[in-house]
């Protein structure tokens with residue numbers, strides 16, 4: 001078991017390093033870091049001094065090592081566009097995105113699993129087919145259109161919910177949350193739904209497919225041949241086996257959600273990391289882009305580790321027990 | 001025979017496909033007496049497995065029992081509502097499938113699956129059910145059952161798993177056990193053990209057995225009577241010794257001739273030319289006639305029925321008076 | 001009795017066989033598939049024929065009349081009296097023409113990026129499967145990474161990097177090409193995986209080894225045998241990816257990092273239209289959005305149906 005955990009950790013570190021390499025390459029080779037940090041009037045001497053200070057004249061591996069150690073200390077450089085430390089920007093905006101991502105994943109999981117199970121059990125029911133058809137539309141509707149549609153309906157026409165921003169936020173240390181105020185909660189509803197709808201659709205279709213697959217297996221056939229009631233078969237046998245692939249994929253999705261938040265944050269003018277990233281792309285603000293990349297990779301890696309652990313806890317076959325002789 | 005445990009009468013199973021209706025089993029009838037082992041033998045696609053599945057009521061829609069009856073101890077079970085049929089499964093009819101690895105749910109311990117079956121069909125408390133599970137494991141020959149009962153399926157070897165499967169099938173003391181290729185997925189060395197175990201358990205519990213297999217050796221060892229199936233119909237049925245030593249139907253003769261034997265003349269192995277027809281293209285008359293070395297006048301027009309004395313029956317015009325068709329040209 | 005000599009089926013026989021095949025059968029009996037194909041074809045044709053059927057060249061700024069701006073759908077402009085079926089936007093651009101030209105760009109980027117993905121994916125898959133060893137492991141690792149990162153992030157990164165590398169004056173002209181490459185690079189792994197799988201299966205077959213013995217290039221032979229096997233799954237993946245690519249392009253354009261307004265795609269049009277949504281000129285956003293959704297939906301439905309039709313397990 002220890003071997004399993006160590007292996008997962010080792011892989012995690014490898015991925016982070018690989019992404020760091022990519023981020024660093026971007027940093028170093030795209031555009032000119034020096035030119036971006038000084039004005040146009042800077043003299044050649046000033047530029048050289050800056051280059052020396054930034055360590056740009058050292059060999060590549062040393063620069064990379066410095067880069068990695070800097071990041072480990074929380075140093076992400078300075079934003080080209082805003083002139084502020086990137087680490088500050090990250091800290092300010094991360095809570096907005098994390099809160100949004102977390103809540104929408106929760107929403108997607110709960111409803112996705114429930115609807116998926118329902119659709120699998122009542123295969124030929126009208127409601128199930130309706131849900132599947134709607135899910136297909138969900139996959140075809142770009143997230144930003146859903147967002148716009150919601151804003152038009154709920155903010156402009158019905159005036160129930162605010163059309164942009166986070167509302168009033170409460171600060172807890174360096175974190176800020178919108179869950180503790182009414183306007184904060186109202187502001188959360190549409191973005192969470194918008195971001196979560198696509199995931200929910202995916203999860204629902206996955207759960208349904210996996211459950212149908214499970215219901216076709218030999219052990220289900222054998223359970224039926226033993227007279228086990230259909231209800232127990234659906235929930236005790238099929239569902240439990242479905243959960244493994246679902247948890248894996250849902251877990252991987254969470255990392256993706258952070259990235260999908262880019263669109264939602266743009267539509268709702270949500271002050272999070274995604275909106276920050278888009279601005280960075282538009283202005284070729286490499287340090288911010290690189291830092292965002294590392295952040296997403298970090299979330300991915302952590303979630304992957306968590307999924308591995310859950311896998312381990314749920315599937316007895318992974319616990320490496322020996323097969324008895326004969 | 002004394003009143004049979006299982007009685008199948010003119011059973012017909014169909015599968016509607018978009019290219020027409022497929023008849024997987026066409027009008028078969030047989031009985032199984034109490035404590036008797038009936039072997040059902042035939043090539044792949046002959047309809048043996050579907051017969052077993054039909055008896056226990058697990059034909060998946062759109063497949064269905066089109067006509068005929070299945071009677072368990074004299075009561076019809078093929079037309080029961082779903083819930084009533086579910087109660088019969090496991091309790092009165094048990095079934096064992098081919099692959100023990102996939103028959104067990106890998107996420108649950110063996111004991112949990114046993115207890116689940118026991119509590120579904122009896123009113124035992126969990127503690128009593130666990131005791132019963134332990135005794136079942138001892139019966140099927142699992143060593144150290146107190147520890148093994150809490151193991152997962154992947155911790156058992158193939159032969160051990162099939163023993164667990166047998167324990168599960170017999171847990172509620174059924175009157176009939178259907179074994180669908182129970183040894184095919186096992187090592188040869190283990191096959192004999194499992195078959196002997198099956199036979200012993202069933203005679204101890206007083207259960208009749210329908211043993212479905214394509215392996216004549218297993219039948220010879222274990223069965224009392226054997227039914228030979230071909231293209232969804234029964235070609236011949238009778239006591240094992242008779243059918244093996246003196247087969248009547250040309251198909252059975254071909255099957256026996258294709259089994260190598262240590263004793264006996266060392267002629268070439270007989271091979272039946274051609275192959276079994278697909279269910280979408282079953283020949284008219286006797287389904288075997290295109291491959292039959294002794295086909296004659298009536299064989300391509302009229303379908304022979306199973307006829308004969310009570311224990312031995314054969315469906316072949318060689319043994320019964322055949323109808324004459326005045327228009328048939330030779 | 002001699003076996004009959006095999007003859008090559010005539011053309012009409014093969015046509016009948018195709019018509020009667022399982023896939024065609026399933027198509028003829030699925031109203032959804034027929035409807036989806038119809039809608040997709042209409043949209044595709046209208047996009048291709050845009051220069052001929054559009055009342056106005058939406059990309060030509062000179063042909064626009066500012067005075068015709070903000071005309072409602074179906075109404076006549078109060079100044080010039082011309083009727084615009086779907087209304088006009090703030091610049092006097094006919095919305096109908098705009099979406100015809102816009103869907104042209106969207107479809108161009110969509111198809112091109114899919115072709116790009118397929119080319120990369122299939123080649124890498126063949127290479128990985130055939131070569132094995134380290135190359136295989138490396139390619140599959142990269143594929144895993146591509147699959148676990150969201151496509152939009154990859155596309156944005158490629159776009160951002162390209163932007164940094166290309167001088168600003170070429171940004172607008174290069175936008176379409178960069179988009180194609182960006183979206184193409186974000187979606188190739190599924191093809192690679194599928195093709196690699198088939199290659200591995202074929203590689204171990206006897207005819208490959210005998211071809212090697214005879215000195216023939218096994219790669220060419222595998223190309224002849226592997227590729228036909230993967231056409232089905234690749235086609236399914238490609239169809240679904242086409243819808244994804246179109247949505248990806250529209251998302252990127254909506255975010256402002258895609259096609260510029262001078263060659264507006266549907267996404268760009270929606271971005272422009274959003275400004276006017278709240279002030280009442282809903283049609284500037286609505287029709288491009290509708291076109292986009294219909295396009296994505298019909299292609300998705302087709303892809304779904306295709307996957308079910310080609311899946312042997314579900315029959």
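Could you check the simple spin-label distance between residue C:57 and residue B:284, using points 7 Å along Cα→Cβ, in nm with one decimal?
Going by the 7 Å Cα→Cβ label model, 7.3 nm.
What is the distance in Å between the Cα centroid of the range A:259-274 and that of the range B:30-108?
58 Å
When the helices in chain A are scored as -39500 (n - 2.57) per DSSP H run of 4 or longer and the sum is shared across all residues, what 222 nm value do you end up with, to the nearest 500 deg cm²/dmol? Kindly include the intermediate steps, with their values, before the conclusion.
Working: 12 runs with 225 residues, N = 326.
After summing the helix terms and dividing by the residues of chain A, the value is -23500 deg cm²/dmol.
For the protein assembly as shown, what is the percent of antiparallel DSSP beta bridges, rounded to the nearest 5?
The antiparallel fraction comes to roughly 65 percent.
Work out the FRET efficiency for residue A:4 and residue A:302 from their Cβ-Cβ distance, taking R0 = 25 Å, and round it to the nearest 0.05. Please list the in-between numbers first.
On the way: r = 17 Å, r/R0 = 0.67.
So, using R0 = 25 Å, E works out to roughly 0.90.
Just from its helices, what would the mean residue ellipticity at 222 nm be for chain B, if runs of 4 or more DSSP H residues each count -39500 (n - 2.57) and the sum is divided by every residue, rounded to the nearest 500 deg cm²/dmol? Kindly include the intermediate steps, with their values, before the conclusion.
Details: 11 runs with 101 residues, N = 330.
Helices in chain B give a 222 nm mean residue ellipticity of -8500 deg cm²/dmol.
Could you work out the per residue convex hull volume over the alpha carbons of the range C:147-291, in cubic angstrom? Provide the component values of the computation, followed by the final result.
On the way: hull volume 21.0 nm³, N = 145.
Once divided by residue count, the hull of the range C:147-291 is 145 Å³.
Based on the Kirkwood radius over alpha-carbon pairs, what value in µm²/s does the Stokes-Einstein equation return for the translational diffusion coefficient of the range B:71-155 at 25 °C and 0.890 mPa s?
Numbers: Rh = 14.5 Å.
Taking Rh from Cα pairs, D becomes 169 µm²/s.
If I fit a long axis through the Cα atoms of helix A:44-53 and take the longest principal axis of the Cα atoms of chain A, what angle between them do I get, 0 to 90°, rounded to 10?
Computed tilt is about 50 degrees.
Counting only other chains, what is the mean number of Cβ atoms within 10 angstrom of the Cβ of each residue in peptide A:134-147?
Details: counts 0, 0, 5, 5, 0, 9, 14, 6, 14, 4, 10, 13, 0, 2.
Partner Cβ neighbours, averaged per residue: 6.
From the convex hull of the Cα coordinates of the range B:10-52, what is the mean projected area in square nanometres? Spell out each step's value before the answer.
Numbers: hull surface 14.3 nm².
With every direction weighted equally, the projected area is 3.6 nm².
Between residue A:13 and residue B:242, what is the spin-label point distance in nm, taking each point 7 Å from the Cα along the Cα→C-beta axis?
Output for this residue pair reads 7.8 nm.
Mind sorting A:106, B:198 by how few other Cβ atoms lie within 10 Å of their own Cβ, fewest first?
Working: A:106 13, B:198 27.
Lowest count first: A:106, B:198.
Taking chain A as the reference, fit the longest principal axis to its C-alpha atoms, fit the long axis of helix A:126-140 to the helix C-alpha atoms, and give the angle between the two in degrees, 0 to 90, nearest 10.
20 degrees
Work out the FRET efficiency for residue C:220 and residue B:60 from their Cβ-Cβ distance, taking R0 = 35 Å, and round it to the nearest 0.05. Write out the running numbers ahead of the final one.
Details: r = 45 Å, r/R0 = 1.29.
Plugging the Cβ-Cβ distance into 1/(1 + (r/R0)^6) gives 0.20.
Cα centroids of the range C:94-172 and the range B:269-318: how far apart, whole angstrom?
The distance from the Cα centre of the range C:94-172 to that of the range B:269-318 comes to 62 Å.
Helix A:60-72 versus the longest principal axis of chain A: what is the Cα-based angle in degrees, 0 to 90, to the nearest 10?
Taking the Cα atoms of chain A, the angle to A:60-72 is about 70 degrees.
Normalise the Cα radius of gyration of the protein assembly as shown by 2.2 N^0.38 Å (N = residues in it) and let me know the number.
On the way: Rg = 35.1 Å, N = 971, 2.2 N^0.38 = 30.0 Å.
The reported ratio for this selection is 1.17.
Could you list C:214, C:209 in order of exposure, starting from the residue whose Cβ has the fewest other Cβ atoms within 10 Å? Walk me through the numbers on the way to the answer.
On the way: C:214 9, C:209 12.
Ordered from fewest to most neighbouring Cβ atoms within 10 Å, C:214, C:209 come out as C:214, C:209.
Quick check on packing: order A:180-189, A:205-214 by the mean number of other C-beta atoms within 10 Å, highest mean leading. Let's see the in-between values first.
Values: A:180-189: 16.1, A:205-214: 20.7.
Highest-to-lowest ranking by the protection proxy: A:205-214, A:180-189.
State the extension gain, in nm to one decimal, for the chain segment bounded by residue A:92 and residue A:132, taking 0.36 nm per residue of separation less the distance between their alpha-carbons. Intermediate results must be reported in sequence, preceding the final value.
On the way: separation 40, 0.36 × 40 = 14.40 nm, distance 3.96 nm.
Answer, rounded to one decimal: 10.4 nm.
Starting with the fewest neighbours, write out B:150, C:308, B:31 ranked by other beta-carbon atoms found within 10 Å of each beta-carbon.
Numbers: B:150 12, C:308 15, B:31 19.
Final ranking by Cβ density, sparse to dense: B:150, C:308, B:31.
Using R₀ = 45 Å, calculate the FRET efficiency as 1/(1 + (r/R₀)^6) where r is the Cβ-Cβ separation of residue A:209 and residue B:300; round to 0.05. Don't skip to the answer; put the middle values down first.
Working: r = 48 Å, r/R0 = 1.07.
Result of the calculation: an efficiency of 0.40.
Please work out the C-alpha center-to-center distance from the range B:125-197 to the range A:217-233 and express it in whole Å.
With the range B:125-197 and the range A:217-233 each reduced to a Cα centre, they are spaced 17 Å.
Modelled label-to-label distance, residue B:18 and residue A:282, 7 Å Cα→beta-carbon offset: nm?
Label-label distance for residue B:18 and residue A:282, simple model: 5.0 nm.
Here, each number is a calculation from the coordinates, and none is a lab measurement. All of these numbers come straight from a predicted model, not from anything done at the bench. Counting neighbours? That spans all protein chains shown, and the Cβs are built from the backbone with ideal geometry, glycine included.
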